[in-house]
Amino acid sequence: MQKPSLLFLLVLCPFFLLAQYKTVSLDFESTYIGDNNPLPAETNILFTGSIPSYIDRVELNIKPPRGKSTVLHSAVWQRPLDNKEKTYSLPVNYKFRSSASYDIEVLYFQTLSNAQRTALVQTLNKRLQLFLETQLTQESKTIEWENKPKRLLQEMNDLLQADLQNYRTGIAAPAQELSNLVALQMEKMADMRMRDSVGQVRMAEERVLLRQLLQDELDRMLPAPLYKIADARLLEDCPTESKKGALAVNAGYGGVYFSGDLGEDLDYDTAPYVGLSFPLGNSAFAPRFFSNTYIGFGLFLQDFENADEQKLTGPITGLPIYASLDYKLFQFVYLNLGATLLEETTAGDRQELFVRPFIGLSAKVNLSVQFER
């Protein structure tokens with residue numbers, strides 16, 4: 001078999017690196033993460049560890065520090081079929097910020113038996129039936145709901161959400177809420193009239209249908225397997241590692257525009273330049289445009305000369321100074337667009353400052369710099 005070319009491997013290498021995870025140990029019985037080291041920053045993490053055989057689901061919630069309830073990110077591991085291992089591996093596609101801290105909540109679930117699931121569904125059904133009974137007023141010929149059916153449906157879903165906060169369905173299960181069919185059935189009942197025994201029988205049948213509909217909805221919402229919290233951990237103020245700041249040294253060659261139009265009247269000059277630049281955004285978090293764009297400054301390595309053979313230098317350093325926006329075209333090649341601060345000696349030996357645009361191409365070398373906090 002022909003081996004892949006070196007160029008092919010070099011092209012694919014960045015994609016392999018991006019797909020990697022930093023592994024962090026988090027066992028069921030531990031009260032700390034890993035070896036109590038800071039969490040990796042600016043990278044995806046793979047949480048692994050030992051768990052009892054009865055734990056079939058692990059849910060990890062990342063929260064801001066100091067007990068805030070907001071969940072920044074959630075990740076779930078669910079035991080595959082026929083998997084009896086006492087370990088789990090949970091990839092978390094959330095990148096922690098450097099020199100920060102987070103609360104890590106870990107919930108451990110076990111699977112309910114069929115009998116336990118059936119008992120839970122029956123209990124929830126009875127609670128919903130009791131709620132509806134309190135919301136129903138039956139007159140001699142009609143029934144009236146205390147609120148609009150859609151509002152009652154929302155209240156029932158709120159009750160279910162509170163009752164099921166310690167339970168989870170499978171990853172592919174439907175949403176844990178009653179559908180609009182329940183509200184439609186309640187509206188149908190409110191429009192009916194019980195003028196005679198036939199109407200009363202029909203109303204009784206519709207009430208039976210409503211009870212059966214609630215049963216069917218709960219069975220749909222809560223299919224097997226159904227999980228209940230068996231244990232939980234809250235690891236507070238977990239620190240992240242400190243990352244070195246990004247700084248780039250760039251060297252390039254560019255041209256400065258002085259005056260005129262494109263063609264013979266164009267007045268410009270060229271020179272090499274060197275400088276420093278900082279990224280507009282962190283590549284781990286910012287959109288590609290901002291992470292590929294730098295703010296740069298530096299100086300040209302020689303003076304310029306315009307069409308009138310006047311020498312153009314710069315202030316302070318004696319060489320032209322520039323500021324630019326640099327955008328990455330290739331791995332090390334950047335397009336530089338900016339402005340150059342020039343100094344010209346006029347009649348009477350007066351120094352006059354002015355600014356002109358420039359464009360250039362440069363190569364960058366990224367440096368890692370540790371900034372003191």
* Determine which member of the set Leu81, Leu90 is crowded, with 19+ Cβ neighbours inside 10 Å and of a type in the set (A, V, I, L, M). => Leu90
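Which is touching a residue at least 12 places away in the same chain (Cβ under 8 Å), in a helix (DSSP H, G or I) and surrounded by fewer than 15 Cβ atoms within 10 Å (Cβ to Cβ), of Gln212, Gln200, Gln161?
Working: Gln212 fails: touching a residue at least 12 places away in the same chain (Cβ under 8 Å); Gln200 fails: touching a residue at least 12 places away in the same chain (Cβ under 8 Å).
After applying the criteria, what remains is Gln161.
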* Asked: Which is open to solvent by less than 50 Å² (accessible area, probe 1.4 Å), among the acidic types (Asp, Glu) and either in contact with a Cys (Cβ under 6 Å, 6 or more places away or on another chain) or under 30 Å from Val71 (Cβ atoms) (or both), of Glu217, Glu206?
  -> Glu217
* Which fully enclosed strands (runs of 3 or more DSSP E) of the stretch 78-144 have 3 or more residues being closer than 23 Å to Arg168 by Cβ and either under 29 Å from the mean Cα position of the chain (by Cα) or at pLDDT 95 or above (or both)? -> 87-92, 101-111
* Top-ranked residue of the stretch 53-77 - restricted to ones that are touching a residue at least 60 places away in the same chain (Cβ under 8 Å) and outside any strand (DSSP E or B), ranked as farthest from the chain's Cα centre (by Cα) -> Tyr54
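If we keep just the residues of the stretch 226-243 that are in contact with an Asp or Glu (Cβ under 8 Å, 6 or more places away or on another chain) and open to solvent by 60 Å² or more (accessible area, probe 1.4 Å), which is nearest to Ser98 (Cα to Cα)? Reasoning before the result, please.
Start the filter on the stretch 226-243 by keeping residues that are in contact with an Asp or Glu (Cβ under 8 Å, 6 or more places away or on another chain), which leaves 227, 232-238, 243.
Adding the requirement that they be open to solvent by 60 Å² or more (accessible area, probe 1.4 Å) leaves 234, 236-237, 243.
Values: Leu234: 21, Glu236: 17, Asp237: 14, Lys243: 6 Å.
Across the stretch 226-243, the extreme among qualifying residues is Lys243.
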* Are any residues in the stretch 64-78 surrounded by 10 or more Cβ atoms within 10 Å (Cβ to Cβ) and more than 16 Å from Asn44 (Cα to Cα), and if so, which ones? -> Pro64, Pro65, Gly67, Lys68, Val71, Gln78
* Asked: Do any residues in the stretch 125-136 that are farther than 12 Å from Met156 by Cα have Cβ atoms under 9 Å from those of residues that are at pLDDT below 95 and not in a helix (DSSP H, G or I), where the two are at least six apart or on different chains, and which pairs are they?
  -> Thr134/Glu146; Leu136/Ile143; Leu136/Glu144; Leu136/Trp145; Leu136/Glu146
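Name the residues in the stretch 254-268 that are open to solvent by less than 40 Å² (accessible area, probe 1.4 Å) and either closer than 23 Å to Asn93 by Cα or at pLDDT 85 or above (or both), would you? Quick ask: steps written out before the conclusion?
At the first step, the residues of the stretch 254-268 found to be open to solvent by less than 40 Å² (accessible area, probe 1.4 Å) are 254-256, 258, 260, 267.
Gly254, Gly255, Val256, Phe258, Asp267, listed by residue number.
The values are calculated or read from the model by the stated rules, or taken from the named source; none is laboratory data. Given the structure is predicted, the values throughout are model-derived calculations rather than measurements. Heads up, the Cβs are rebuilt from the backbone with ideal geometry, glycines too, and the neighbour counts pull from every protein chain shown. Accessible surface areas use protein heavy atoms only, side chains included; no ligands, DNA or RNA. Shrake-Rupley method; radii C 1.70, N 1.55, O 1.52, S 1.80 Å.
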